Each structure stands twice: as structure tokens, then as C-alpha cells.
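Trainee: The following block contains the structure, expressed as C-alpha cells.
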Amino acid sequence: MNLIFLGPPGAGKGTQAKKILDLLKVPQISTGEIFRAAVKAGTELGKKAKTYMDKGDLVPDEVVVGIVAERLTEPDCKNGFLLDGFPRTIPQADALGKVLTKRGNKLDHVICLEVPDGELMKRLTGRRVCKKCGEEYHVMFKAPAKAGVCNKCGGEVYQRSDDNEESIGRRLTEYHKQTKPLIAYYGERGLVRAIDGLGAFDEVFDRIKAALR
Ligand code: ADP
Ligand code: ADP
Ligand code: ZN
């Protein structure tokens with residue numbers, strides 16, 4: 001199954017993607033996580049991406065598209081993939097369409113997680129992430145059992161440097177300007193599954209499972 005998780009920053013894409021993986025046995029491809037790994041490794045890509053990420057700007061399309069196109073050729077994508085945080089612009093969506101057509105593939109569903117901006121600010125300012133495995137936590141809504149330690153892998157749970165109010169505000173503006181038009185784009189293609197992203201983690205998960213059936 002070939003899936004896209006679409007939604008504003010903080011909608012729960014990463015959280016829900018990780019829950020769905022066990023079910024579908026396809027890899028989660030998170031462009032944000034790929035960039036954070038490159039920043040940590042100090043690669044050229046990381047250095048380039050960091051300047052955009054810290055401000056809350058989008059990394060240029062040609063950089064992102066190349067990375068995803070390459071990632072999709074890896075053997076684990078043979079039976080499908082879950083794209084989390086890509087595409088984020090119309091040119092990215094067009095480029096993805098071309099890559100898939102070339103492979104004789106098509107998208108099955110675009111899961112659109114809907115959450116109002118006020119709630120997103122609360123989710124993002126309180127977000128914490130495991131440095132090792134990427135599991136998402138929240139200081140109020142999903143605190144790790146032991147403060148600062150990942151329940152899953154024991155890794156260090158930290159706050160992303162771009163999860164500050166200024167960068168979050170900018171990311172929300174960019175979402176409305178550049179990414180939200182993708183809902184109409186995929187809507188025209190009959191692929192959009194709109195999911196109410198408010199409520200308990202498992203409630204949202206059940207809605208997604210129902211939409212995939
Ligand atoms: P969030 O969880 O807030 O939605 P991500 O972890 O998906 O954020 O992305 C972090 C940052 O990485 C973004 O603010 C942006 O700078 C960059 N990024 C990730 N995916 C893309 C993309 N598809 N296009 C452009 N920039 C991206
Ligand atoms: P995204 O990948 O869309 O940017 P995340 O999955 O990282 O979003 O979630 C953002 C923050 O909101 C995290 O701290 C996460 O624990 C929290 N969160 C996710 N889903 C819910 C929910 N249904 N209710 C409350 N908080 C949530
Ligand atoms: Zn972990």
C-alpha cells in the first residue's frame with residue numbers, strides 16, 4: 001500500500017505513522033527525520049537543510065525531491081511506503097507523481113489529519129522526541145514513564161530546536177500557504193481521506209484504520 005500522511009506540523013503524522021507501521025509492514029519515510037539525521041551526521045545535506053529548518057522555512061523542492069526519489073528505490077519500498085511530511089508543495093507532489101508513474105505505481109490513500117491551529121501550538125511547544133528512535137512524546141499528553149528517557153528504546157528524549165514559538169508560527173503560515181493546497185490537489189484525484197485529528201491517540205488511530213479499510 002502506498003500512503004501519504006498529510007497535515008499541519010503537530011497534527012500527529014509521526015505519532016500515527018509509527019502506530020500504523022506494525023499493521024502495514026511498509027517503511028515510514030519522514031523527510032523531517034531524514035534531515036535531522038543529516039544535521040546530526042554533519043553532512044553537506046545537513047548543513048544546507050539546517051538553515052531552513054531552524055527558521056521554520058521549507059527546504060527547497062529540488063533538494064527534497066531528490067532525496068525521496070532515491071529513498072523510494074530502496075528494496076524495503078517494494079511493497080509500499082508511508083510518506084510522512086512529503087509532499088509539502090505542489091511541485092513536490094507533481095515530482096512524486098512522475099516518479100511513481102515511472103515505476104508503474106500509484107498512490108492508494110492520502111490521509112489528511114485535521115487539527116486547528118490553536119491546538120497545534122499546544123502540541124508543538126510541548127513536543128519531545130527520542131533522539132535515538134524518533135518516538136514522539138508530549139510533556140502533558142504523552143510523557144515518558146521516566147522523565148527524559150524513551151519508553152521504547154531508552155534513548156534520550158529532547159526538545160527539537162525548531163519547536164519554539166517563532167519557528168512554529170512560521171511553519172504554520174507556510175503550511176497554510178504551500179501545503180494545504182495539496183488537499184484540493186489530491187481531492188481532485190479522489191485520494192483524500194479526511195481524518196479528525198482531535199481526541200485520544202487511539203481514537204485517531206481507529207479513524208485512520210477505518211479509512212484504510
Ligand atoms: P513537523 O513535525 O513540524 O511537521 P518535520 O519533522 O516533518 O516537521 O519537518 C521538519 C522541517 O524539515 C520542516 O520545518 C522543513 O524545514 C523540513 N522539511 C521536512 N519535510 C519537508 C518537505 N517535504 N519539504 C520541505 N521541507 C521539509
Ligand atoms: P507531526 O508529525 O504531524 O508534526 P507529531 O506526531 O510529532 O506531529 O505530534 C506532535 C505532538 O502532539 C507530539 O508531542 C505528540 O505527542 C502530540 N500528539 C499527537 N497526537 C496527539 C493527540 N491525539 N492528542 C494530544 N497530543 C497529541
Ligand atoms: Zn526511543
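Any read-out appearing in this document is the output of simple, stated calculations on the displayed coordinates, not a laboratory observation. Keep in mind that this is a model prediction, so the values were computed, not measured. FYI the Cβ positions are ideal-geometry reconstructions off the backbone, even for glycines, and counts take in every protein chain you see.
Trainee: Please compute the length gained on full extension between I90 and N151, using 0.36 nm multiplied by the number of residues separating them and subtracting their Cα-Cα distance.
Mentor: Going from the current span to full extension adds 18.2 nm.
Trainee: Still on this structure, I have one more. Can you give the calculated 222 nm mean residue ellipticity of the chain, where each DSSP H run of n ≥ 4 adds -39,500 (n - 2.57) and the sum is split over every residue, rounded to the nearest 500 deg cm²/dmol?
Mentor: -14000 deg cm²/dmol
Trainee: Give the Cα extents of the chain along the principal axes, in whole Å, largest first.
Mentor: Largest first, the chain extends 47, 41, 34 Å along its Cα principal axes.
Trainee: Let me ask something additional. Quick one: of K13/K47; K102/K132; K40/K106; K18/K55; K25/K132, which pairs are farther than 30 Å apart, Cα to Cα?
Mentor: Over 30 Å apart, Cα to Cα: K102/K132; K40/K106.
Trainee: Whose amide H sits under 5 Å from the amide H of F81, counting only residues 5 or more places off or on another chain, with H placed in the peptide plane?
Mentor: N2, L3
Trainee: Select from A200, A210, T43 the residue farthest towards the positive end of the dipole of the chain; place +1 on Cβ of Lys and Arg, -1 on Cβ of Asp and Glu, and compute about the Cα centre.
Mentor: Farthest towards the positive pole: T43.
Trainee: Related question: About its Cα centre, how strong a charge dipole does the range 141-189 have in debye, to the nearest 20, once Lys and Arg get +1 and Asp and Glu get -1 at the Cβ?
Mentor: Values: 9 positive and 7 negative charges, 45 e Å.
My answer is approximately 220 debye.
Trainee: Hey, fewest Cβ within 10 Å first, where do D61, D163 land in order?
Mentor: Neighbour counts put them in this order, fewest first: D61, D163.
Trainee: Just G56, G154, G134 to compare: in a GNM of the chain, with alpha carbon springs under 10 Å, which one fluctuates most?
Mentor: Checking each option, the largest mean-square fluctuation is seen for G154.
Trainee: Let me ask another. Tell me, in nm to one decimal, what length is gained between L198 and D57 on full extension, where the rule is 0.36 nm per residue of separation less the Cα-Cα distance?
Mentor: Difference between extended and current length: 48.2 nm.
Trainee: If we count every other residue with Cβ under 10 angstrom of L82's Cβ, Lys/Arg +1 and Asp/Glu -1, where does the sum land?
Mentor: +1
Trainee: By count of other Cβ within 10 Å, fewest leading, how are L191, L124, L21, L6 ordered?
Mentor: The most exposed by this proxy come first: L21, L191, L124, L6.
Trainee: Also, I was wondering about something else. Using +1 on the beta carbon of Lys and Arg, -1 on that of Asp and Glu, and nothing else charged, what's the dipole of the chain about the Cα centre, debye to 20?
Mentor: So the dipole magnitude of the chain works out to roughly 400 debye.
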